[in-house]
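Reading through the structure tokens given below for one structure.
All of the numbers you see were taken from the coordinates with simple rules; none came from a lab. Please read all numbers here as calculations on a predicted model, not as lab measurements. With ideal geometry, Cβ positions are generated from the backbone for all residues, glycine too; neighbour counts draw on all protein chains shown.
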Amino acid sequence: MERMWTGQVETRQSVLLSVQVYCAMFLMCSVVGWMCEEVFCRAIDGYWENRGFLYGPYLPIYGVGAVMMSLLLRRYRHQPVKLFFLAGAFSCVLEYITSWAMESIWGRTWWDYSQAFLNIQGRVCLRGAVLFAIAGILLVYLIEPAAKRLILKCIDTRKGQIMLYVLYVIFTADLILTVGGRYS
């Protein structure tokens, strides 16, 4: 099983397993990211607000970021300083592109860091880069290994597989309804 995580995928079955793991990790990190952001913003702003793009309790930017960091930054596992800076830079690029794309497509701003120190067009800022760099370190050293163990346990059972597929369908339906609603 260890060979699969080092990029030496050998069989169709291991490719399918790898895709299942990363899809589940995407959903898991999207939900956990939403929860963390809700708690963080509640502590700062003093009220609850669904800051997500979708109706459900998930922020896909966290899922995409986690999966991409996992795939791209794993090789720097033994270089923590480099990992820290790359995770921060990667997060800024992802957040900037996402902010720009969402504003371009839907004409709405989901976040604004224009009052924050060292921001770029209000889309990214130094504080966010540092927080996401720390999150990248936690992801590579703690979250990813634990998440993969949990996901592999879940995928190993028929009930677990069904549960994951149901969650994928719910997420996909939410995405379709949200995007469809924004265009109507």
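A few remarks follow.
- Our helix-only sum for the chain, with -39,500 (n - 2.57) per DSSP H run of n ≥ 4 divided by its residues, gives a mean residue ellipticity at 222 nm of -24000 deg cm²/dmol.
- Average projection area in nm² (convex hull over Cα atoms of the stretch 2-178, one quarter of hull surface): 11.4 nm²
- Förster-model FRET efficiency, 30 Å R0, ILE162 and SER18, C-beta, rounded to 0.05: 0.90
- Cα centroid separation, the stretch 4-76 to the stretch 127-184 (Å): 4 Å
- As a rough guide to protection, the peptides 88-97, 37-46 ranked by mean Cβ packing within 10 Å, highest first, stand as 88-97, 37-46.
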